[in-house]
Structure formats: structure tokens, C-alpha cells
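Below is one structure, written out as C-alpha cells; the observations come after it.
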Amino acid sequence: MNIAMTVWGDRVSPVLDCARTLLVAEIDQDQIVNRRYQHFEAESLANMLRFLVQNGVKVLVCGAVSQEPAHCIEDLGIELLPFVAGDVETILAVLARRGSVAAFAMPGCRCKGRCRMLECPVSQRKMRTGDA
């Protein structure tokens with residue numbers, strides 16, 4: 001499975017919409033077997049979506065994200081884990097072990113990472129799962 005994460009230095013980029021670097025990691029049997037950093041232009045939504053699909057990304061981890069890109073990413077069947085902050089390697093290791101990123105929720109996320117943006121009461125959209 002390929003996981004992508006917006007990065008800035010050694011941390012999750014705080015805002016997807018203006019991110020410039022994406023880490024794409026291949027996870028196999030709870031191990032990171034391959035990783036590469038890719039320059040990309042997040043503000044070009046069509047190019048970003050094309051990149052994610054062409055690289056087989058199944059999960060995208062990012063900081064804050066606007067609703068339009070969030071909708072488009074999820075419409076492609078890519079699991080979006082937004083409002084995540086912290087050290088890239090630590091978060092990647094947690095995801096490789098199929099763990100939760102709830103402990104890495106950005107400050108101010110009232111859900112403490114239990115939800116995704118489109119289900120979040122903070123986003124003022126009706127929750128689809130009712131588990132937040």
C-alpha cells in the first residue's frame with residue numbers, strides 16, 4: 001500500500017494547499033519497504049490528483065486542507081487523514097504498524113483526530129459515521 005504525506009523539513013506540512021514536497025512510502029507487511037520524496041504543486045489540484053492516482057496512493061496524510069481538495073481526494077477513493085501534525089518518521093512508523101494518528105491531531109482539532117475532515121463537526125458538515 002502506498003501512503004503519501006505532505007512534508008516540510010522533517011514535519012508534516014501544516015497546510016496541504018500550499019505544500020511543495022510529498023513523501024510517498026510503500027508499506028508491505030507492516031514495514032516501510034520503499035520511500036521517495038517528490039516535489040509537487042499542491043495549488044494545481046488537477047496535477048496533484050493525477051500524481052496521487054498515478055503513484056497508487058491509498059492514504060494521504062496532511063495538515064489543514066481546504067474543502068475542495070478534500071472532496072476531490074476522497075472522491076478518488078483515497079483515504080484522507082487531515083489535520084495531522086508532527087514528525088514525519090514517527091507518524092510514518094505508526095501508520096506502517098496500522099496504528100492511529102489520533103495522538104498527532106493538530107492543536108484546535110476538537111475531535112482529537114478521531115474523525116476525518118468531511119465527518120468533522122468542526123467543518124460543520126453532517127457526520128456520516130456518528131463515531132466522532
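Every number in this text was worked out from the coordinates using simple rules, so none of it is lab data. Remember, predicted model here, so these are calculated numbers, not experimental data. Cβ placement follows ideal geometry from the backbone for every residue including glycine, while neighbour counts extend to all protein chains displayed.
Applying both filters, DSSP loop and at most 14 other Cβ atoms within 10 Å, to the GluC sites (Glu not before Pro) of region 24-57 gives GLU41, GLU43. Fully extending the segment from GLN67 to ALA103 would add 10.7 nm, taking 0.36 nm per residue of separation and subtracting the current Cα-Cα distance. Of the trypsin sites (Lys or Arg not before Pro) in region 38-101, the ones in a loop by DSSP (not H, G, I, E or B) with at most 12 other beta carbons within 10 Å are ARG97, ARG98.
In a DSSP loop and with at most 15 other Cβ atoms within 10 Å, the trypsin sites (Lys or Arg not before Pro) in region 1-49 are ARG20.
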